[in-house]
Amino acid sequence: LIGRIAALSRATGQSPPSWAMAAFLPPESAFTVDFFFMKNSAFLCDVVVVECADEYSIAKRMRKLKYFFRIIMVAAAALCCSCGNGESGARDSAAVLENGSSEESEYGGTGRQEIGANRYVDTAMGTVIQQTVYASEETAADFYVKSMALLKELEEERLSWRLETSEVWRINGTAGNEEGCGISEETAGVLRDCVELYERSDGAFDVTLGALTRLWNIDKWAAGGLDDGEADGFRLPSSADVEHALKLCGSDKIRLAAAGLGEGEPRVFLPEGMGLDLGAVGKGLAQSGLQGLLEAEEGVAGAVISLGGSILTFGDKPDGSPWKVGIVNPFDTSSNVGTLSLKGQWCVSTSGDYERYVEKDGVRYHHILDPHTGYPAVSDVRGVTILAKNGTLSDGLSTACFLLGPERGMELAEEYEVEVLFVMSDGQIVMSEGMETYFTEF
Ligand code: AMP
Ligand code: MG
C-alpha cells in the first residue's frame with residue numbers, strides 16, 4: 001500500500017502526496033451530496049467520505065485534520081499488510097489503488113457470483129465519484145472500469161474547455177471562423193437542448209458564459225468555498241471587464257447546422273471571442289452516459305452513483321427498499337434538510353450558492369452567474385434540487401431554477417415535467433406537488 005501511495009505521489013507530482021481515504025456509507029443510509037475538498041486539479045484531492053457529512057464541513061476539517069489522517073493511513077497500511085494483500089478480503093477491506101481510487105466489496109471473500117453491494121470511490125471530472133453496485137463482484141468490477149473510462153472520455157474528449165483534446169476546446173478555438181467547427185451528433189444534441197433551455201428560462205441558463213466564468217476563474221475555486229480568496233489568489237474582476245465579457249455571451253448567437261443528408265457532420269458557429277462552458281450540464285451528461293452503461297451491462301440489479309452533487313439511481317436494492325438520497329442543508333452542510341426515497345431509475349441534481357464560492361472581504365461570491373449582470377446571481381434561494389428521469393435535464397434545470405427562483409422555476413419544472421425543491425434563504429422549503437411523494441423532511 002505504501003508503494004502504491006508513493007506511485008500516486010509520483011503520478012500526481014505532489015510532494016508530500018495528497019491523501020485519499022474513504023469510510024463507506026452503509027447502503028441503507030442516506031447518500032449525501034458532495035463530500036470533497038478539491039485542490040486545483042481532479043487528481044490532487046484530499047477526500048474523506050463520512051456518513052452523512054458533506055463537502056463544506058469536511059473541507060474545513062480536512063485542513064485541520066490532515067496530519068491526523070496521515071497517521072490513520074499509515075495505521076491502515078499496517079493493518080492491511082498484516083491481513084494479507086487486501087484483495088478479495090473481508091467485508092471491511094478498503095484499498096487505495098495506484099490510480100487514486102479506493103474500492104470495497106461486502107461479499108469479497110464469499111463467492112464471486114453472489115449479488116452483493118460493491119462500493120467504489122474514485123475521482124473524475126473534477127469531483128468524487130461514489131458507486132454502490134448491486135451485482136456479482138465481476139460484473140460490478142467490469143461496470144466500474146467501464147464507467148470510469150466513460151467519465152474520462154466525456155471530460156477529455158468532449159467537455160473540458162481546458163484540454164486541447166476536447167470538442168469544447170475545438171469549438172471555442174474556432175469561434176469567429178466562417179467555416180465553424182464540425183462536432184459530434186451527441187454534442188450537437190446537447191447544444192440544441194441547452195439553447196432551448198436558454199430560451200425557455202428567459203436567458204437565465206446560458207452555456208455561452210465562457211468569457212465570464214474564465215474572468216471570475218470559477219473552475220479554480222475549491223468546492224466547499226475559500227475564505228478570503230485564499231490559495232488561488234481570488235481577484236475581483238473590474239466592472240469594465242465584466243461588461244466586456246458579457247458582450248461575448250448569449251446562446252442566441254450560437255448557430256447550429258445539421259449534418260448533410262448521409263454525409264458530413266453537424267457544425268457549430270460561434271462569434272469571435274465567445275466560449276462555451278458546459279459546467280452546468282457536465283455531471284448530468286455523465287449521469288445519462290452512466291444510465292446507458294448500466295442498461296447495457298447485464299447482471300446489475302441496482303446501483304446508486306454519486307457524482308459530486310448529482311446522484312443517479314438505477315434498478316432496485318435486493319431487499320426491495322428504496323434508495324435514500326439526502327438533500328444537503330445549505331445552512332449547515334454537515335446535515336440534510338430531508339431525504340428523497342426513490343425506486344428505480346432517477347437523476348437528482350442540486351445547485352446551490354454554498355457548493356462553490358469564494359469569500360473576500362466579507363462578501364461571498366458564488367459560482368452561478370446571472371447572465372443579465374455578469375455577477376453571481378442575487379437570489380433568495382440557497383439551493384435547488386431537481387428530480388428527473390434524464391440527467392442533462394436534471395442538471396441544467398437545477399442551475400436554471402436557482403436563477404429563476406421558486407415562482408418561475410416551478411413553472412419551468414412543470415413545463416419540463418420534472419420535480420423541484422427549493423431551500424429558501426429564510427429556511428423555508430418550497431416544492432412541487434409531485435416532489436412531496438418522494439421527500440421526507442427532517
Ligand atoms: P451547477 O453546479 O450545475 O449549477 O452549474 C454551475 C456551473 O455552471 C458553474 O460553475 C459555471 O461553470 C456554469 N454557470 C454559471 N452560471 C451559469 C448560468 N447562468 N448558466 C449556465 N451555466 C452557468
Ligand atoms: Mg446544473
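The values are calculated or read from the model by the stated rules, or taken from the named source; none is laboratory data. For clarity, every value in this text was computed on a predicted model and none was experimentally measured. Backbone-built Cβ (ideal geometry, glycine too); neighbour counts: all protein chains shown. Surface areas here come from the heavy atoms of the whole protein model, side chains and all, with no ligands, DNA or RNA. Shrake-Rupley method; radii C 1.70, N 1.55, O 1.52, S 1.80 Å.
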Which entries of K146/K283; K152/K317; K220/K389; K152/K220; K220/K247 show an alpha-carbon separation above 21 angstrom in the structure shown? K152/K317; K220/K389; K220/K247
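First select every other residue whose beta carbon is under 11 angstrom from the beta carbon of L212; then total the charges, Lys and Arg +1, Asp and Glu -1.
Details: positive: R214, K247; negative: D206, D241, E243, D277, D370.
Once all neighbours under 11 Å are counted, the net charge is -3.
With r defined as the distance between the Cβ atoms of D202 and E138 and R0 fixed at 30 Å, what FRET efficiency is calculated, to the nearest 0.05? Can you show the working numbers first?
Details: r = 50 Å, r/R0 = 1.66.
The computed FRET efficiency comes out at 0.05.
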Computed over segment 347-442, the relative contact order (Cα-Cα under 8 Å, seq sep at least six) in percent reads 26
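Based on the mean of other beta carbon atoms within 10 Å per residue, what is the order of 233-244, 175-186, 299-310, most packed first? Could you put the intermediate results ahead of the total?
Working: 233-244: 13.0, 175-186: 14.6, 299-310: 23.3.
Most protected by this proxy first, the peptides run 299-310, 175-186, 233-244.
With a ≥ b ≥ c taken as the square roots of the eigenvalues of the C-alpha gyration tensor of segment 268-360, please select rounded if a/c is under 1.5 and otherwise prolate if a/b is larger than b/c or oblate if it is not? Could the numbers behind the result be given before it?
Working: a/c = 3.79, a/b = 1.28, b/c = 2.96.
Oblate is the answer for segment 268-360, as a/c is 1.5 or above yet b/c matches or exceeds a/b.
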At 1.4 Å probe size, what's the solvent-accessible area of T440? Round to the nearest 10 Å². 70
If the label point is 7 Å along Cα→Cβ of A240, which residues in segment 190-214 have backbone nitrogen under 13 Å from it? none
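Work out, step by step, the length gained on full extension between K253 and A301: first 0.36 nm times the residue separation, then minus their alpha carbon distance; give nm to one decimal. Write out the running numbers ahead of the final one.
Details: separation 48, 0.36 × 48 = 17.28 nm, distance 4.47 nm.
Between K253 and A301, full extension yields an extra 12.8 nm.
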Please work out how much accessible surface E164 shows to a 1.4 Å probe, ignoring ligands, DNA and RNA, in Å² rounded to 10. 130
Distance in nm between K152 and S425 label points, each 7 Å along Cα→Cβ, equals 4.4
Separation of the E415 and D319 label points, Cα + 7 Å toward Cβ, nm: 4.3
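Kindly identify segment 371-426 as rounded, prolate or oblate by the Cα gyration tensor criterion: order the square roots of the eigenvalues as a ≥ b ≥ c, call it rounded if a/c is under 1.5, otherwise compare a/b with b/c, prolate if a/b is larger, else oblate. Please report the intermediate quantities before stating the final value.
Values: a/c = 1.93, a/b = 1.49, b/c = 1.29.
Note, shape of segment 371-426 comes out prolate.
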Quote the relative contact order of segment 134-215 in percent (integer), defining contacts as alpha-carbon pairs under 8 Å separated by 6+ residues. 11
